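Worksheet: the structure to be examined is printed underneath.
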Amino acid sequence: MKHIVISGYYGFNNAGDEAILDSMITTLKSLASKQGEELRFTVLSANPAQTASRYGTDAIGRQDLPQILRTLRRADAFISGGGGLLQDATGRGFSILYYLGLVALARLLGKKTILYAQGIGPVKKPFNRFFMRLIANRASLIAVRDEGSLNELLRLGVTRSPVILTADPVFLLKPADPDGRAAEFLKELPPNKPVVGISVRSWHNEEETLREISIAADLIARDLSALTVLVPMHYPGDLAVSDKLAALMKSETHILRENLTPRELLSVFTRFDLVLAMRLHALVFAAVSGVPMLGIGYDRKVDALLARLGLTSAGEPGQLNSIKLAGQALKRWGSREDLRQTLQEKSLLLHDEALSWAKKVLAFILDPQM
C-alpha cells in the first residue's frame, strides 16, 4: 500500500477546493484498484474531522508541523494541489510560502512530489518568484490546468521539470444521487419553470457589481419566467454576499443555505437551465452538467476556463452593465441546445485530459524505480 499526503485549501468549506480533493482521491483510488493496488491518503486540513468523515481518509491539522513531519516521513509521495495555491495576489501573499514550504519539506525527506493540476500565479513579490523557481524546479511532476499557468511557470524560470498541461480534476467528478439535503432543496424548486443558478463572491466594487447583477437577474427571470437560485460556493462568505444580492432583487429567488458536499452540490447544478457565475467551480459544475453558462471574469482563471470551453467572459466586476449582462444571458439561452452539446463535448475532452494526468501520477507513485 502506497501512502500519499495531500496539501491544499482543504477544510475551509470552499466547494471548489473540496471538489478537487474529492476528485483526486476518488480517481486515484479507482485507478489503483483496477491494478490491484491500494492507496492510503492523509489530507492536511483546517478541519481534519470533517475531511476524514467526508472522504474516508486520514486527516491532520494543516498547521500541525510536528504531525506533518511525522506523517511525511512515513509517506511515499506528496501531492500539492490542485487549485490556485501558488499565487500571491490574494491575502497577504504568504500562502505561497506555506504551500511551497511543504513541497520543499517533502523533497528534503526524499519523497516524490507532485504539483497536481495547479493554477499558477500571478506571483509578483521578488522573493516569492525566487522561491517558486527554486522549489518548483525540484518537484518530481508538475501539471497545470491552463495555458496561462504554463506561461507563468516559464516566465518564472521553471524549466527543469517537464510541465504538463491538463484539466481541472473536477471534470472527473460525478454527482451524487439526490438525497438528504440536496433532495430536500430540489423539492422546493417548481418542476415547470426554468431555474437560473447564480454564484457570486465578495470582490472589488462589490456594491456596484451586485447592483448590476441583481437588475440583470430580474430581467432574466422576467423574460424567461424563471426562478433564480443563489448558490454560495464558499461558506460563510459567499452566503453573506448572496443575501445582499437577494435583498437587491425584486424577482423570486431561493438561496441554497446548506453547506453541501461537492457531489451533492453537483447534483443541484444538474437541475439548472442556465448559470451565471463568478466562482470558477460553479462554471466547472455547469460545464460538467451541460448547463449553458455566463461567467464573470473576476480572475484570469475564470477567463482561462471559459476559453477552454470556447466561451468568452461577460466582463469584469465593476465594469458590468445590467442590460448587456441580461442580453448575453438571454442569447446563451436562445442557443442553449447547441451550447449544451458543445459543453458536453468540451467537458468530455477535459475529462479525458484530467484522467490521462491522473494515470501518469499513479504510474509515477507506483513505480519503484522512480
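The values are calculated or read from the model by the stated rules, or taken from the named source; none is laboratory data. The shown structure was predicted, so the numbers you read here are calculated from the model rather than taken from an experiment. In this analysis, Cβ positions are derived from the backbone assuming ideal geometry, glycine residues included, and neighbour counts consider all displayed protein chains.
For the range 67-97, what are the residues that are at pLDDT below 95, in a loop (DSSP other than H, G, I, E, B) and either aliphatic (A, V, I, L, M) or on the phi > 0 side of the Ramachandran plot (or both)? Residues satisfying the conditions are L85, L86, A89, G91, G93. Scanning the range 320-344 for residues that are surrounded by 13 or more Cβ atoms within 10 Å (Cβ to Cβ) and either farther than 28 Å from E212 by Cα or touching a strand residue (DSSP E or B) at 6+ places or on another chain (Cβ under 8 Å) (or both) yields L325, Q328, A329, R332, W333, R336, T342, L343, Q344.
Of all residues in the range 106-149, those satisfying the criterion of being of a type in the set (A, V, I, L, M), assigned to a helix (DSSP H, G or I) and surrounded by fewer than 19 Cβ atoms within 10 Å (Cβ to Cβ) are L108, L134. Restricting I120, I114, I96 to residues that are under 26 Å from K359 (Cβ atoms), free of Cβ contacts under 8 Å to residues at least 60 places away in the same chain and either out of contact with any Pro (no Cβ under 6 Å at 6 or more places or on another chain) or not β-branched (V, I, T) (or both) narrows the list to I120.
Consider S161 carefully, then state whether it is surrounded by fewer than 21 Cβ atoms within 10 Å (Cβ to Cβ), among the hydroxyl-bearing types (S, T, Y) and either assigned by TED's automatic domain parsing to the domain that holds P292 or within 30 Å of G318 (Cα to Cα) (or both). So S161 fails the test.
None of L31, L69, L44, L39 is touching a His at 6+ places or on another chain (Cβ under 9 Å), more than 25 Å from M278 (Cβ to Cβ) and in contact (Cβ under 8 Å) with a residue 12 or more places away in the chain except L39.
Can we say D64 is at pLDDT below 95 and of a type in the set (D, E)? Spelling it out, it is not the case that D64 is at pLDDT below 95 and of a type in the set (D, E). Across the range 164-206, which residue is farthest from the chain's Cα centre (by Cα) among those that are of a type in the set (D, E, K, R), surrounded by fewer than 17 Cβ atoms within 10 Å (Cβ to Cβ) and closer than 30 Å to W357 by Cβ? Filtering the range 164-206 for residues that are of a type in the set (D, E, K, R), surrounded by fewer than 17 Cβ atoms within 10 Å (Cβ to Cβ) and closer than 30 Å to W357 by Cβ, the one farthest from the chain's Cα centre (by Cα) comes out as D177.
Yes/no per residue for (1) assigned to a helix (DSSP H, G or I); (2) within 24 Å of G83 (Cα to Cα); (3) not β-branched (V, I, T):
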site: K301; (1), (2), (3): yes, yes, yes
site: L320; (1), (2), (3): no, no, yes
site: I323; (1), (2), (3): yes, no, no
site: T342; (1), (2), (3): yes, no, no
site: E353; (1), (2), (3): yes, yes, yes
site: A358; (1), (2), (3): yes, yes, yes
site: M370; (1), (2), (3): no, no, yes
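For the range 212-255, taking the residues that are of a type in the set (D, E) and touching a Leu at 6+ places or on another chain (Cβ under 7 Å), the one that is farthest from F272 (Cα to Cα) is identified as E212. Looking only at the range 1-31, residues that are of a type in the set (A, V, I, L, M, F, W, C) and surrounded by fewer than 19 Cβ atoms within 10 Å (Cβ to Cβ) come to 3 in all.
For the residues S23, S53, S7, S45, the requirement of being more than 16 Å from I79 (Cβ to Cβ) and of a type in the set (S, T, N, Q) singles out S53.
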